[in-house]
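What follows is a single structure, written as structure tokens, with notes after it.
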Amino acid sequence: MADKKKKKEINKTRIVLISLCAVALISSIVFIYYLLKVEDIRIINFDVKVGDHGAFNLDADKLHFGMITPNGYGFRDIYVASDEDVKVVAKTIGPDFIEYDKNYFVLNGGEKELIRVTARVPDGADFGLYTGKIVIIILEVNK
């Protein structure tokens, strides 16, 4: 008899914990939705060629960093503009040697901001073509 009572108590405790977790999860989703309203997402394809000398690639089909030697770097500039106040987030899908001079900032309406993107090739990197995507996420500013 005591075992059945104990099992019922454990089941009640589990139900309460699961319910609290569900409420917390739903609240978090609603909070994130209202906190981070996505206005726009821009994806920019890029490539970096790692080789034994430096070279340029000025083709306009994607963002080319050209050929960079190990322990060298190259940079490109991206301009972001908006008619209204927004938050800007820059992320990379691809090689981990892509850096940003700023990757999270607020852009005031009517302004234009430069993001300097640097491909800083580490010493000892293998020669070859590295490709990826730069993702620019525009978020609504909460007022």
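No value in this document is a laboratory result; all are computed from the given coordinates. Worth saying up front: this structure is predicted, and the values here are computed from it rather than measured. Using ideal geometry, Cβ is built from the backbone for each residue, glycine included, and neighbour counts are taken over all protein chains shown.
Below is a table of values for the structure above.
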item	result
Nonlocal amide H pairs with residue 39, under 5 Å, H built at 1.01 Å	138, 139, 140
Efficiency of FRET from Cβ geometry, residue 39 and residue 59, R₀ 41 Å, rounded to 0.05	0.90
Qualifying aspartates and glutamates (Cα of each under 13 Å from Cα of residue 91; at least 8 residues distant if same chain)	99, 101
Residue list for region 50-79, given a label point 7 angstrom along the Cα-to-Cβ vector of residue 112 and an amide N cut-off under 11 Å	79
DSSP-loop chymotrypsin sites (Phe, Trp or Tyr not before Pro) across region 35-143, with at most 16 other Cβ within 10 angstrom	56, 127
Cross-link partners of residue 62 among aspartates and glutamates (Cα-Cα below 15 Å; sequence separation of 8 or more within a chain)	47, 77
Length added when fully stretched, residue 25-residue 105, from 0.36 nm per residue minus Cα-Cα	26.0 nm
